[in-house]
Amino acid sequence: MPSHDVLIIGAGLAGQRAALAAADAGASVAILSKVHPVRSHSVAAAGGINAALKPQDTWESHAYDTVKGSDFLGDQDAIEIMCREAPDELLHLEHIGVTFHRNDAGELGTRAFGGASAARTYYVADITGQAILHVLYEQITKYHETVDSYEEWFTTSLVQDDEGTCVGCVARDIRTGEMELFNAKSVILASGGNGQTFKPTTNALICTGDGIAQAYAIGAPLMDMEMVQYHPTTLTENGFLITEGARGEGAHLLNSDGERFMEKYAPNKMELASRDVVSRAEQTEINEGRGIGPDGGGLYLDVTVVPRKRTLEALREIVNIGKDFAGTDITREPISIRPGQHYIMGGVKTDVHGQVPTVAGLYAAGEVACVSVHGGNRLGANSLLDTLIFGRRAGQHAAQRSRAMPMPTTPTSRLRQDLEHIDAIIARDRSGRRISEIKDELGTMMNRNVAVYRDADGLATAHETVRRLKEDATTAYIDDRGTVFNQDVLGAIELGYMLDTAQATVVAAIERKESRGAQFRTDFPERNDDEWLKHIDISRNGDDEPHVTHSPVTMTQWEPEERKY
Amino acid sequence: MAEFTLRLRRYDPESGEAAYWDEHTIDLEPHRSVLEGILQARARFDGSIGIRCSCRAAICGSCGVRINGQPALACHTHLDQAMKGARDGVIEIEPMGNMPVLKDLIVDMDAVHWKKVRRVTPWLINKEPIPEREYIVPHEAMVDVTQSMACIQCGACVSDCLSMEVDPLFIGPAALAKAYRFVGDPRDAQHSERLNDLAQDPHGIYDCTHCFKCIEACPKGVAPMSQIMRLRRISGRDHGIVDANNGERHEIAFTNLVRDHGLLWEAELLPRSYGGDSWLAKFGPAAGRELLSSLPVIGKALLRGKVTPMGALKAHKLPDEDLQQVKRIYATVEGRDEAERYELNLYISGYDEDMEGAEGPPPDAAAAGAQGGDGGMAGAESGQPGQSPERSPSR
Amino acid sequence: MKVAYWPGCVSRGFTPELHGSMAKVAPLLDIELVELDRASCCGAGVIAEHNQELADTLNARTFALAQQVEGAELMMNICSTCQGAQTECQERLDASADYRAHVNETLGEHGLHYEKGLSNKNFLWLLVEEMGLDELRSRVKQPLTDLRVGPFYGCYIVRPTDRLGIDDLKPRDTYLAQVIEALGGTVIEYAGAYKCCGFPIITMNKEVSLKQAGRHLGDAVDQGADCLVTPCPLCHLNLDLQQPLAEKAVNRTLNMPVLHLPQLVGLALGLEPKELGLQQHIVKPTSVIDWSTSVVAGV
């Protein structure tokens, strides 16, 4: 049985950063991921990473922008930590080899980003996530003696001892189908979000909420799950992401009248207002009949106002995406975009060290977690920062925690149960629905009812549908009976994760009877600080039903105020 | 919507049977990707079809396959585009080459690709002292290595590498492009050590056969072969590394023979590549061994009158005046010091037409137009600078 | 048609029969060759590997000389490697006015100047795009009936496709097959047609180089080819001159004749194998000569 001080599940930015930090702190580390680490979804982050590094910038300004961006739902102690530690983290990345853009003096250069009062986004063309992820993987390779990398291992369950402490996981080697029990003193979840519960989404096919559901299953609370970010610029064609960097470089948004409609919604920041504001403005334009395209469901993003040389150098990837996936040369004509599901602010509730409050030994960092630094709405280029800061902190804390501990003994019952569960799925007769069909229905339904604008009726329909689909999923069948790369059976397990997390989102959205950040209730269109300046926590408490509680927002120095851009 | 038939190469390692073809007809808009087609087949007909995939947008590098024999990302190839290459109206999809197949379209990248990446010490070895803030490095240097950083490790170039096909030990295009990412990075302290390692390895930078397959295969414009050629250039010219594989000697012998004769003198090139850049090289032991092993070939060539003794011993040469011009070009260009060098990289600079913002052909069309038939020898005919009819009118 | 003709180095060195056969074939196709006898080696990618600007300047000089040829419609080469190496240099020169000016400054010393937009085509491209296959067909005297020919393109003339202007309108990577058919021959499909002959690493990794050549030749043998045809004299060196060693490397008898493109065209235009220098090849083109004899006998 593999035994390590720190076991990390997920190998995107948060997971790899945690692994390196834990190894630096002297721990023996395993990092386990259902895909090869460089395939992790962090690779798709395009625009950049925020840090108040310039001498004239301050971390307080960055923190205030983040608090305001969160619509005052973010926990200010956590936000302060993130913004204060950002400059050092950025320099660390530079030192280990990230090829950040330079200005003419050879120093790190920045671009503007949404919701920020200063240009503090550092970047590598528009492949920032890829560049950082690949450089971290270079380091993982360098650390091969202290970090064991289990690539293409699929986690099926977190394992607890008799006291409820998390002491490892059960995972399946996708390549051979073998199941293995992993033993660890501390477990860090870094397995990303659940974007696939929406269709379309900018998220990769692997973003199925595995870690959120696994933690939820063993009693961890989920927080801010109603806060789902719709990115203002996804391709109308297929939902692919067009980086906010485009607007950072000066691109305009236009409606069918050729009007720069953001003037009406955010006269100061215009296209660079926070994402929830811009997406809502777009949805309003579309709903009021000023959209473009055959069904009026899109709007124009006009990049032609950015100098071509600049576009070709700094937005190379979206030039290609436009060309390859929409047949549009964005340097010469506007491209059709619309708001699309992109990120979840919510996740497994943690403290500022990444610890999950009710489950000892369990940590979470990155999109799987909710610290909460993003609150009601995440600012662009704060997610990479979140993964790195809290990934590192979780890695360091877990290593420290493990130092004085003996290796726990891990009960094997969970391994047996998971084996039986998988065998049962494989053995199901072909009388139920296909997995893919259920997944499709879930995504389409969520995107209809739990999107930019929500109301009680739509949310009730959503909850009803999720319950029905959960029922359907218990008899859904698969085709693959093999063990080697049986992706089919993994898909069935992922579907279960998606349904659990979708339910938490719907329940939280029903609960919050106000409009704040990404949650806009047409039946409760105002923000209501008196009643709702608080987090919504969802827990399972040992059964299959979501239970709702509330917890306070931590405030340090910024009182809620009206939010204008 | 349109119907497309996909012919998938299937392999089930547990069945004990050989790989086979499996056809499915799917229904999608023509500009949808081959990956979406495969996923539809999997969702509707057969959930056991194995393919790695994740982002769907050509950034995660998971879905490298061969489509109609050509390496590609399945998510980055439109169905209608794939139809053009389909021989019998069916889009043929196979696993990538040069790597063992694990199941269906899934290959063992770890056994080949990642092993080779690990071979090139793929992490930055910092130049000391590490500054308190960032390293101050030129803007261009960072853009330059970002070309290699743009590699998504999809393996398309490895799949198609013709050197690796014959020599599985060849370090290969992806790993060598990765190596350039450090050699080109001013923050790395071990350029010379890295280059020496890669130059001396018989399966290193001089094992690339210059076939352009990797440039053609790469979906991200990394141009691995160009990075390999830059590694050679920096190795020989800037670090003076003379490798045991005759790579640098060959390069110098070739370059200097053209300097001295204006044209290539093959009979002299071979011995100098083995023995060093001098007329005496052919009498050196290395060249001697080589000549000896080639004797049957030389004999036959003489016998057939393909090569005459005089022809082999005497170089064909340019007329004197032209040779002097060539020599002066050498003196000027080779005489530039490092700061004066002008090594144009179109990945960084882009094409004039693209930078002007006027109506001009996209890069691909511009390159094609450069030798397209219609323009003829535009410059010669018009006699005026920049009056090529195929080019941007705005310059 | 008058062309500024760049024969390259190898066609006048180790494969003299290439330059010779081109000279024989040109008048039969009404191509007037004005030889660029003042131009230097293209560098074959090797000089560029040593010093990119040096290769670009040497080729800019060649292009400038070509542009001085009165009445020439374009520049023509007979070597895939020249085509590829020169096109790469031209791509850079044509892409950047700044760089072009920089290179022209060096050329200016000699009163030379390169204007962007030169058209430089291999004989193969010229046959299809300038002359046209119908015209070529009409000039055929002895159709290559029953001659099974495997095309061998050479890397430099087929990759990278965007640089070489290969697309749906100009499928230059199919021209060799089209020409073989136009000449009346049968095209043999085999695995090696677009692969590398191995020549560029013959001095660096001889075994791998020869194995590459040996495999492609073997594939052609297995598919029943009578001969191969190539527009690249460097490929010819590895496929023909080195064939005896390649046989050892792959441990099989090959005996596969390899023709230069002008030789194949010449045969169809009615020239004798000997006039085209076929006897100078290392591998005796017995199958081709037998075919030629039988055709003549048949007539």
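The values are calculated or read from the model by the stated rules, or taken from the named source; none is laboratory data. In this text the structure is predicted, and so the values were computed from the model without any measurement. Note that we place each Cβ from the backbone using ideal geometry, even for glycine, and neighbour counts take in every protein chain shown.
Quick grid of which residues meet (1) touching a strand residue (DSSP E or B) at 6+ places or on another chain (Cβ under 9 Å); (2) assigned to a helix (DSSP H, G or I); (3) within 7 Å of chain B (Cβ to nearest Cβ):
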site: C:ALA85; (1), (2), (3): no, yes, no
site: C:GLU88; (1), (2), (3): no, yes, no
site: C:GLU91; (1), (2), (3): no, yes, yes
site: C:ASP94; (1), (2), (3): no, yes, yes
site: C:VAL103; (1), (2), (3): no, yes, no
site: C:THR106; (1), (2), (3): no, yes, yes
site: C:LEU112; (1), (2), (3): no, no, no
site: C:LEU124; (1), (2), (3): no, yes, no
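What is the residue count in the stretch A:499-544 for residues that are part of a strand (DSSP E or B) and over 22 Å from the mean Cα position of the chain (by Cα)?
Selection size over the stretch A:499-544: 2.
Would you be able to say whether some residue in the stretch A:498-510 is modelled with pLDDT of 95 or more and either surrounded by fewer than 22 Cβ atoms within 10 Å (Cβ to Cβ) or within 14 Å of chain B (Cβ to nearest Cβ) (or both)?
yes
Just give me the residues in the stretch A:293-309 being surrounded by fewer than 19 Cβ atoms within 10 Å (Cβ to Cβ) and at the interface with chain B (Cβ under 10 Å from one of its Cβ atoms), in sequence order.
A:THR304, A:PRO307, A:LYS309
Check whether at least one residue in the stretch A:383-398 is in a loop (DSSP other than H, G, I, E, B) and buried (at least 23 other Cβ atoms within 10 Å of the Cβ), and report yes or no.
Taking every residue of the stretch A:383-398 in turn, none turns out to be in a loop (DSSP other than H, G, I, E, B) and buried (at least 23 other Cβ atoms within 10 Å of the Cβ).
Out of (1) surrounded by fewer than 21 Cβ atoms within 10 Å (Cβ to Cβ); (2) within 26 Å of the chain's Cα centre (by Cα), what's the single condition that is false for A:ILE318?
Here A:ILE318 clears every test but (1).
Pull out all pairs, ordered by first then second residue, where Cβ-Cβ is under 6 Å, the residues are six or more apart or on different chains, the first lies in the stretch C:204-220 and is under 12 Å from B:GLU165 (Cα atoms), and the second is in a helix (DSSP H, G or I) and hydroxyl-bearing (Ser, Thr, Tyr).
Close Cβ pairs satisfying both conditions: none exist.
Please work out which one of (1) within 13 Å of chain B (Cβ to nearest Cβ); (2) within 25 Å of A:GLY297 (Cβ to Cβ); (3) outside any helix (DSSP H, G or I) is the condition A:GLY443 fails and give its number.
(3)
Could you check the stretch B:246-285 and list, in sequence order, the residues that are assigned to a loop (DSSP other than H, G, I, E, B) and more than 23 Å from the chain's Cα centre (by Cα)?
Matches in the stretch B:246-285: B:GLY262, B:LEU263, B:LEU264, B:TRP265, B:GLY276, B:ASP277, B:SER278, B:GLY284.
Can you name every one of the helices (runs of 4 or more DSSP H) wholly within the stretch A:271-333 that holds 2 or more residues which are aliphatic (A, V, I, L, M) and touching a residue at least 40 places away in the same chain (Cβ under 8 Å)? Break it down stepwise before answering.
On the way: elements: A:275-287, A:308-314, A:316-326.
Per the criteria, A:275-287, A:316-326.
Only one residue in B:ALA72, B:ALA18, B:ALA82 is modelled with pLDDT of 95 or more and in a helix (DSSP H, G or I), so which one is that?
Matching residue, one of B:ALA72, B:ALA18, B:ALA82: B:ALA82.
Could you list, in sequence order, all residues of the stretch C:137-146 that are part of a loop (DSSP other than H, G, I, E, B) and either within 14 Å of chain B (Cβ to nearest Cβ) or surrounded by fewer than 24 Cβ atoms within 10 Å (Cβ to Cβ) (or both)?
Residues satisfying the conditions are C:VAL140, C:LYS141, C:GLN142, C:PRO143, C:THR145, C:ASP146.
Determine the pairs where a residue that is more than 8 Å from chain B (Cβ to nearest Cβ), located within the stretch C:161-172, has a partner that is modelled with pLDDT of 95 or more and in a loop (DSSP other than H, G, I, E, B) with Cβ atoms under 6 Å apart, the partner being 6 or more residues away or on another chain.
C:ARG172/C:ILE166
Against the conditions (1) at the interface with chain A (Cβ under 9 Å from one of its Cβ atoms); (2) surrounded by 17 or more Cβ atoms within 10 Å (Cβ to Cβ), where does B:MET99 fall short? Just the number, please.
(1)
Of C:ASP98, C:ASP134, C:ASP167, which residue is of a type outside the set (Phe, Trp, Tyr) and part of a loop (DSSP other than H, G, I, E, B)?
None of the others qualify; the one that does is C:ASP167.
Do we have any residue at all in the stretch C:178-186 that's touching a Gly at 6+ places or on another chain (Cβ under 8 Å) and either closer than 18 Å to B:MET225 by Cα or in a helix (DSSP H, G or I) (or both)?
No, every residue in the stretch C:178-186 fails to be touching a Gly at 6+ places or on another chain (Cβ under 8 Å) and either closer than 18 Å to B:MET225 by Cα or in a helix (DSSP H, G or I) (or both).
Could you tell me which numbered condition A:THR350 fails, if it satisfies all but one of (1) surrounded by 24 or more Cβ atoms within 10 Å (Cβ to Cβ); (2) of a type in the set (S, T, N, Q); (3) more than 17 Å from the chain's Cα centre (by Cα)?
(3)
Can you tell me which of (1) acidic (Asp, Glu); (2) assigned to a helix (DSSP H, G or I); (3) more than 8 Å from every other protein chain (Cβ to nearest Cβ) is the one B:ASP243 doesn't meet?
Every listed condition holds for B:ASP243 apart from (2).
Filter the helices (runs of 4 or more DSSP H) completely within the stretch C:193-299 down to those with at least 1 residues that are over 16 Å from C:THR145 (Cβ atoms) and at pLDDT 95 or above.
Answer list for the stretch C:193-299: C:206-222, C:233-236, C:243-250, C:261-268.
So if I check each of C:GLY20, C:GLY8, C:GLY45, which one is surrounded by fewer than 24 Cβ atoms within 10 Å (Cβ to Cβ) and either facing chain B (nearest Cβ under 7 Å) or touching a helix residue (DSSP H, G or I) at 6+ places or on another chain (Cβ under 8 Å) (or both)?
Checking each option against the conditions leaves just C:GLY45.
Being over 14 Å from A:GLY48 (Cα atoms), part of a loop (DSSP other than H, G, I, E, B) and touching a Pro at 6+ places or on another chain (Cβ under 9 Å) is the filter here, so list the residues in the stretch A:105-138 that pass it.
A:GLY106
Do you know which residues across the stretch B:220-240 are in a loop (DSSP other than H, G, I, E, B) and more than 9 Å from chain C (Cβ to nearest Cβ)?
B:LYS220, B:GLY221, B:VAL222, B:HIS239, B:GLY240
I'd like the full set of residues that are more than 9 Å from chain B (Cβ to nearest Cβ) and either touching a Cys at 6+ places or on another chain (Cβ under 7 Å) or modelled with pLDDT under 95 (or both), limited to the stretch C:70-83.
C:CYS79, C:SER80, C:THR81, C:CYS82
Name the single residue that is farthest from the other protein chains (Cβ to nearest Cβ) among those in the stretch B:246-265 being surrounded by fewer than 20 Cβ atoms within 10 Å (Cβ to Cβ) and more than 20 Å from B:GLY204 (Cβ to Cβ).
The extreme case among them is B:ASP260.
Pick from B:ARG52, B:ARG42: which is closer than 22 Å to A:GLY195 by Cα, charged (D, E, K, R), over 22 Å from the mean Cα position of the chain (by Cα) and part of a loop (DSSP other than H, G, I, E, B)?
B:ARG52
Determine which single condition B:ARG194 fails, assuming it passes every other condition in (1) within 12 Å of chain C (Cβ to nearest Cβ); (2) out of contact with any strand residue (DSSP E or B) (no Cβ under 7 Å at 6 or more places or on another chain); (3) not hydroxyl-bearing (Ser, Thr, Tyr).
All conditions pass for B:ARG194, except number (1).
Can you pull out every residue in the stretch A:241-256 that is within 14 Å of chain B (Cβ to nearest Cβ) and either not aliphatic (A, V, I, L, M) or not in a strand (DSSP E or B) (or both)?
A:ILE242, A:THR243
Quick one: would you say C:VAL149 is within 16 Å of the chain's Cα centre (by Cα), more than 10 Å from chain B (Cβ to nearest Cβ) and not in a helix (DSSP H, G or I)?
Working: within 16 Å of the chain's Cα centre (by Cα): yes; more than 10 Å from chain B (Cβ to nearest Cβ): yes; not in a helix (DSSP H, G or I): yes.
Considered against the rule, which asks whether it is within 16 Å of the chain's Cα centre (by Cα), more than 10 Å from chain B (Cβ to nearest Cβ) and not in a helix (DSSP H, G or I), C:VAL149 comes out as yes.
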